[in-house]
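Visitor: Following this message is one structure expressed as structure tokens.
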Amino acid sequence: MPEVQDIKAVDEESTSLKKKEKKPRVWEIDFLRGLSIFMMFLDHFLYDVRTLPYFFSNYLKVDNKGFMGLVAFSNWFYDSGVRVPLHIIFVALFFLLSGISCSFSKNNFAHAIKIFIGHIIISGITIAVYFISKAAGNMVDVRILFGVLLQLALGVLVIAIIRLIKKKWLRWSLYLGIGLTLITLGFVFEIFPAQKTIWVYGWPTWEEMPEIIWGSKGFGADYFSVLWIGFALIGAFIGELCYSERKSLLPKLDRGWHKPLTWLGKNTLWAYLIHQPIILGVLVGVCLLLGYRF
């Protein structure tokens, strides 16, 4: 009997080790997603720098040349033609990679729910900040209702539904057909560069909702039209076509050089949820040390 018990113990230990084994990661997907997230950090950093002067009552009196130069650069970046193409490229890359990642997930419905919960959390926080700051007499309008997480959750949900179809040719046709149609509309009607998007500054009415969902009208911070999910659908097609075995296409380049960005790419949702409080906290802290006051 001791031998039988030993065999059972070995089997249980082996099963436990298998459960603890990490799922294989495709490093280039994590790397590129991490790169797109990092570029988002830079974009939001410059946006925060641009808006901070409006909340400091003694901004002109302090006259710090370094900070004023950074503000001037952020204004140039947002007002010049540099940001728009960069924004389109890296947002499209983010949605594309998210779509590819869906081919690695066993339950994209659960994945979509997690992303949507993240959207609810960040939206709730930004709306609370809006009301609290308004009540305090110095309104900070950072409301997010149609942010990137909402559209990403919707894209993952659509992919999850399409993946229920067993026939590969039909799945691929839907990915390409719907995806290319949405992307084409986004460029033809200039929704992606937001050149023809009219901003709604009050609370949107029900009559305005179809236009906001489409993209001819925008609302709140971090606003994204539903047309962006077209890139996620194209990503789902690429994922099923190129990553059917869930293995890296570039294994020889898998070295330590990409670890910082791949780590970021593995923790996308958490990075999105906490990056703005960290950026704003650091910026406000530095500005207070420089003598700026609200």
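Visitor: Would you say PHE31 is assigned to a helix (DSSP H, G or I) and either touching a residue at least 40 places away in the same chain (Cβ under 8 Å) or in contact with a Lys or Arg (Cβ under 9 Å, 6 or more places away or on another chain) (or both)?
Guide: Numbers: assigned to a helix (DSSP H, G or I): yes; either touching a residue at least 40 places away in the same chain (Cβ under 8 Å) or in contact with a Lys or Arg (Cβ under 9 Å, 6 or more places away or on another chain) (or both): yes.
Answer is yes for this residue.
Visitor: Can you list residue pairs whose Cβ atoms sit under 8 Å apart, with the first residue in the range 150-178 being free of Cβ contacts under 8 Å to residues at least 12 places away in the same chain and the second being of a type in the set (Phe, Trp, Tyr)? Count only pairs 6 or more apart in sequence or on different chains.
Guide: Close Cβ pairs satisfying both conditions: none exist.
Visitor: Report whether or not TYR223 is touching a residue at least 40 places away in the same chain (Cβ under 8 Å), open to solvent by 30 Å² or more (accessible area, probe 1.4 Å) and either assigned to a helix (DSSP H, G or I) or out of contact with any helix residue (DSSP H, G or I) (no Cβ under 7 Å at 6 or more places or on another chain) (or both). Break it down into steps so the answer makes sense when it comes.
Guide: Numbers: touching a residue at least 40 places away in the same chain (Cβ under 8 Å): yes; open to solvent by 30 Å² or more (accessible area, probe 1.4 Å): yes; either assigned to a helix (DSSP H, G or I) or out of contact with any helix residue (DSSP H, G or I) (no Cβ under 7 Å at 6 or more places or on another chain) (or both): yes.
Yes, satisfied.
Visitor: Here is a further query. Restricting the range 57-74 to residues that are open to solvent by 50 Å² or more (accessible area, probe 1.4 Å) and in contact (Cβ under 8 Å) with a residue 12 or more places away in the chain, which is farthest from ASN138 (Cα to Cα)? Don't jump to the end; show me each part of the working.
Guide: Residues of the range 57-74 open to solvent by 50 Å² or more (accessible area, probe 1.4 Å): 57, 60-61, 63, 65-66, 68, 70, 72-73.
Narrowing the set further to residues that are in contact (Cβ under 8 Å) with a residue 12 or more places away in the chain leaves 57, 70, 73.
Numbers: SER57: 11, LEU70: 23, PHE73: 25 Å.
Among residues in the range 57-74 that are open to solvent by 50 Å² or more (accessible area, probe 1.4 Å) and in contact (Cβ under 8 Å) with a residue 12 or more places away in the chain, the one farthest from ASN138 (Cα to Cα) is PHE73.
Visitor: Could you grab me the full set of residues in the range 261-285 that are touching a residue at least 24 places away in the same chain (Cβ under 8 Å) and within 30 Å of ASN58 (Cβ to Cβ)? Explain how you work it out, then say what you get.
Guide: Here is the first cut: in the range 261-285, the ones touching a residue at least 24 places away in the same chain (Cβ under 8 Å) are 261-266, 268-269, 271-273, 275-276, 279-280, 283-284.
Once the filter is applied, which keeps residues that are touching a residue at least 24 places away in the same chain (Cβ under 8 Å) and within 30 Å of ASN58 (Cβ to Cβ), the range 261-285 yields HIS275, GLN276, ILE279, LEU280, LEU283, VAL284.
Visitor: Considering only residues that are β-branched (Val, Ile, Thr) and outside any helix (DSSP H, G or I), which ones fall in the range 54-92?
Guide: Taking the range 54-92 and keeping what is β-branched (Val, Ile, Thr), we get 62, 71, 82, 84, 88-89, 91.
Residue satisfying the conditions is VAL82 alone.
Visitor: Read through the list (1) at pLDDT 95 or above; (2) closer than 20 Å to GLY218 by Cβ; (3) not acidic (Asp, Glu), then give the number of the only condition that TYR130 fails.
Guide: (1)
Visitor: Considering only the range 246-254, I want to know if a residue exists there that is open to solvent by 40 Å² or more (accessible area, probe 1.4 Å) and either within 21 Å of ILE125 (Cα to Cα) or free of Cβ contacts under 8 Å to residues at least 60 places away in the same chain (or both). Can you show your working first?
Guide: Taking the range 246-254 as the starting set, the residues that turn out to be open to solvent by 40 Å² or more (accessible area, probe 1.4 Å) are 246-247, 249-254.
Next, only the ones that are either within 21 Å of ILE125 (Cα to Cα) or free of Cβ contacts under 8 Å to residues at least 60 places away in the same chain (or both) stay: 251-252.
Yes: one or more hits.
Visitor: Pull up the range 255-294, narrow it to residues that are among the aromatic types (Phe, Trp, Tyr) and surrounded by 15 or more Cβ atoms within 10 Å (Cβ to Cβ), then point me to the one that is nearest to MET39 (Cα to Cα). I'd like the intermediate steps shown before the answer.
Guide: Going residue by residue through the range 255-294, those that are among the aromatic types (Phe, Trp, Tyr) are 257, 263, 270, 272, 292, 294.
Add one more test, that the residue is surrounded by 15 or more Cβ atoms within 10 Å (Cβ to Cβ), and what stays is 272, 292.
On the way: TYR272: 12, TYR292: 28 Å.
Step by step, filter the range 255-294, then rank; the result is TYR272.
Visitor: Now for a separate question. Does ALA236 qualify as being surrounded by 12 or more Cβ atoms within 10 Å (Cβ to Cβ), assigned to a helix (DSSP H, G or I) and within 18 Å of the chain's Cα centre (by Cα)? Break it down into steps so the answer makes sense when it comes.
Guide: Working: surrounded by 12 or more Cβ atoms within 10 Å (Cβ to Cβ): yes; assigned to a helix (DSSP H, G or I): yes; within 18 Å of the chain's Cα centre (by Cα): yes.
So ALA236 passes the test.
Visitor: Restrict the check to the range 136-153 and report whether at least one residue is in contact with a His (Cβ under 6 Å, 6 or more places away or on another chain) and not small (Gly, Ala, Ser).
Guide: Yes: one or more hits.
Visitor: From the list ILE89, ILE183, ILE144, ILE125, exactly one residue is closer than 21 Å to GLY218 by Cβ, surrounded by 14 or more Cβ atoms within 10 Å (Cβ to Cβ) and without any contact (Cβ under 8 Å) to a residue 12 or more places away in the chain. Which is it?
Guide: Working: ILE89 fails: surrounded by 14 or more Cβ atoms within 10 Å (Cβ to Cβ); ILE183 fails: without any contact (Cβ under 8 Å) to a residue 12 or more places away in the chain; ILE144 fails: without any contact (Cβ under 8 Å) to a residue 12 or more places away in the chain.
Sole residue among the options that is closer than 21 Å to GLY218 by Cβ, surrounded by 14 or more Cβ atoms within 10 Å (Cβ to Cβ) and without any contact (Cβ under 8 Å) to a residue 12 or more places away in the chain: ILE125.
Visitor: Also, quick follow-up: Counting just the residues of the range 193-213 that are open to solvent by 40 Å² or more (accessible area, probe 1.4 Å) and part of a strand (DSSP E or B), which one comes out farthest from VAL140 (Cα to Cα)?
Guide: Looking at residues that are open to solvent by 40 Å² or more (accessible area, probe 1.4 Å) and part of a strand (DSSP E or B), I get ILE198.
Visitor: Just checking, which of LEU241, LEU288 is at pLDDT 90 or above and assigned to a helix (DSSP H, G or I)? If you could, list the steps in order and put the result at the bottom.
Guide: On the way: LEU288 fails: at pLDDT 90 or above.
It is LEU241.
The values are calculated or read from the model by the stated rules, or taken from the named source; none is laboratory data. Because the structure is predicted, anything quoted here is derived from the model rather than measured. So basically every Cβ, Gly included, is an ideal-geometry build from the backbone, and we count neighbours across all protein chains shown. The area values use the complete protein model at the heavy-atom level, side chains included, leaving out ligands, DNA and RNA. Shrake-Rupley method; radii C 1.70, N 1.55, O 1.52, S 1.80 Å.
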